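This report concerns only the one structure given below.
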Amino acid sequence: MFSALADPTRRQILVRLGQGPATVGELAEPFPISLPAISRHLKVLEQAGLISRDRRAQWRTSTLRADRLKEATTWMEHLGRRWDERFDRLDAYLKARPGQPAATDPTDPPISKEPHHD
């Protein structure tokens, strides 16, 4: 599922399908790519379970499966909470260690002992 979501074109297709079902032609309109390329993106999304496709007369309509996106969102939120808890515990541990220098932000520039000249 996450591999399917990694592509920006597929994410835009899902946004469009959030507005309602659409045909391949309707989905292809805003993209500068061919109908076969859109069809390949739709196949990936369908295999990931993010959309369903059905044929009505000569048209093949794609529909968003929001329940699958909800599953992914719920899992990511759970994972995010677990990491937040771990980082909070690490922060508390580091703050509780007596006599230890304060942790620095690794993105801070190194402190130079040389005098600074402009």
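Residue check: is Ile33 of a type in the set (A, V, I, L, M, F, W, C) and touching a helix residue (DSSP H, G or I) at 6+ places or on another chain (Cβ under 6 Å)? Here the answer is no, as Ile33 does not meet what is asked. Given Ile33, Ile38, which one is in contact with a Leu (Cβ under 6 Å, 6 or more places away or on another chain) and within 15 Å of Arg10 (Cβ to Cβ)? One residue alone meets the criteria, Ile38.
Of all residues in the range 2-60, those that are touching a residue at least 60 places away in the same chain (Cβ under 8 Å) and either of a type outside the set (A, V, I, L, M, F, W, C) or surrounded by 15 or more Cβ atoms within 10 Å (Cβ to Cβ) (or both) total 1.
Take the residues in the range 42-74 that are among the polar types (S, T, N, Q) and within 23 Å of the chain's Cα centre (by Cα), then tell me which one is nearest to Gly18 (Cα to Cα).
If we take residues in the range 42-74 being among the polar types (S, T, N, Q) and within 23 Å of the chain's Cα centre (by Cα), then Thr63 is nearest to Gly18 (Cα to Cα).
Bear in mind that the values in this text are calculations on the coordinates, not laboratory data. It should be emphasised that the depicted structure is a prediction, and the values quoted were computed from it without experimental measurement. Glycine gets a Cβ as well: all are built from the backbone with ideal geometry, and neighbour counts include every protein chain shown.
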